[in-house]
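Below is one structure, written out as structure tokens; comments come after it.
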Amino acid sequence: MKNVVIVTGGGRGIGAATAKRLAASGYAVCVNYRSDADSAAKVVTEITQEGGTAFPFKADVSVEAEVEALFDAVEARYGSVTHLVNNAGVLFTQMPLEEMSVERFNRVLTTNVTSCFLCCRAFLKRAQAARAIVNVSSAAARTGSPFEYVDYAASKGAMDTLTKGLSLEVAAKGIRVNAVRPGFIYTDMHADGGEPGRVDRLAAQIPLQRGGTAEEVANAIMWLLSDDASYVTGSFIDLAGGK
Ligand code: NAP
């Protein structure tokens, strides 16, 4: 059976690197995006030019009906989904918690956690041959991100707990659920937090003395999805240069 994967938020950053990595390994890939159609199309073009199989699909994965439409589209194109990468995530301008609005807090939780719940549920309900899920959490789940984005860190903590609990619910069916916890990765997300150069500012405090790349995270996601990780579930790989 062909491996069919949905990568949420696959149009740029870690999601794009993961989509390309998986396609190069033979997966048929759905590159999900929310708003940036051009970037998602570019990822798909790169994949197909290399001989891979992929298509882009617009869906806000924090909205139940759009998640159902996403799975419908992938099934119609490639058949049952076998693997899922819950990568879509947002953060907003750095600030202390006492300055945050409830609208922002709820938006972060809905985008980062509800989306993960909705996609996991759709995957498990529909996939005849569900094999593995990787959730893209963050080192922020461990650090709490004080004075930057406690809301974001809390959402990633929730994602870790969801990963653990769900892994135990589905282990007896042979479905594996794991997470990666990146930190300090060179992507455009830091600009959304108001500090495009954040990774370079923090590099000296990272034991490996540098930021990480999206490809380094993609490699770990790829491994966790693969049969090489067949005895790994409910586990977390930290990719934060030793921090
Ligand atoms: P990024 O460059 O900002 O990319 C995020 C992607 O998520 C975008 O392509 C965006 O799509 C998509 N997205 C956002 N909300 C969405 C929604 N509701 N539905 C569908 N797609 C949505 O971020 P990144 O740095 O690659 O981060 C990817 C994941 O890694 C995130 O979960 C992030 O929390 C996590 N992470 C990143 C770092 C880091 O240092 N970069 C560290 C730890 C964890 P559109 O552009 O189409 O809106």
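A few notes on this one:
- Here the range 211-243 and the range 55-92 have alpha carbon centers that stand 21 Å from each other.
- Whole-Hz Karplus values for the range 6-15 come out as 9, 10, 6, x, x, x, 8, x, 4, x Hz, taken residue by residue from phi with 6.51 cos²θ - 1.76 cosθ + 1.60 and θ = phi - 60°; glycine and proline positions read x.
- Gain on full stretching of the segment that runs from Glu195 to Thr161 - 0.36 nm per residue minus C-alpha separation: 9.4 nm
- Count of lysine pairs in the range 4-239 with Cα separation under 28 Å (8 or more residues apart, or interchain): 14
- Peptides ranked, highest mean first, by Cβ atoms within 10 Å: ranges 17-27, 64-74, 43-53, 92-102: 17-27, 64-74, 43-53, 92-102
- Local electrostatic count at Met95 - Lys and Arg +1, Asp and Glu -1, tallied over other residues with Cβ under 15 Å: -4
- The aspartates and glutamates whose alpha-carbon is closer than 18 Å to the alpha-carbon of Lys243, local same-chain residues fewer than 8 away aside, are Glu148, Asp160, Asp200, Glu216.
- Residue list for the range 205-228, given a label point 7 angstrom along the Cα-to-Cβ vector of Tyr186 and an amide N cut-off under 14 Å: 209-217
- If you take the Cα centroid of the range 108-130 and the Cα centroid of the range 144-180, the two points sit 12 Å apart.
- Charge tally in the Cβ shell below 12 Å around Ser115, where Lys, Arg are +1 and Asp, Glu are -1, Ser115 excluded: 0
- Under 16 Å from a label point set 7 Å out along the Cα-to-Cβ vector of Phe236, the amide N atoms of the range 176-214 belong to 177-184.
- Values of log10 I(q)/I(0) for the chain across q = 0.11, 0.18 Å⁻¹ run -0.52, -1.46, by the Debye formula with one identical scatterer at each alpha carbon and no solvent.
- Note on the chain: helix-only mean residue ellipticity at 222 nm, from DSSP H runs of 4+ residues weighted -39500 (n - 2.57) and normalised by residue number, equals -13000 deg cm²/dmol.
Quick note: the coordinates plus some simple rules give every number you see, no bench work behind them. Keep in mind that this is a model prediction, so the values were computed, not measured. Quick reminder, even Gly has a Cβ in these numbers, built from the backbone with ideal geometry, and neighbours come from all protein chains shown.
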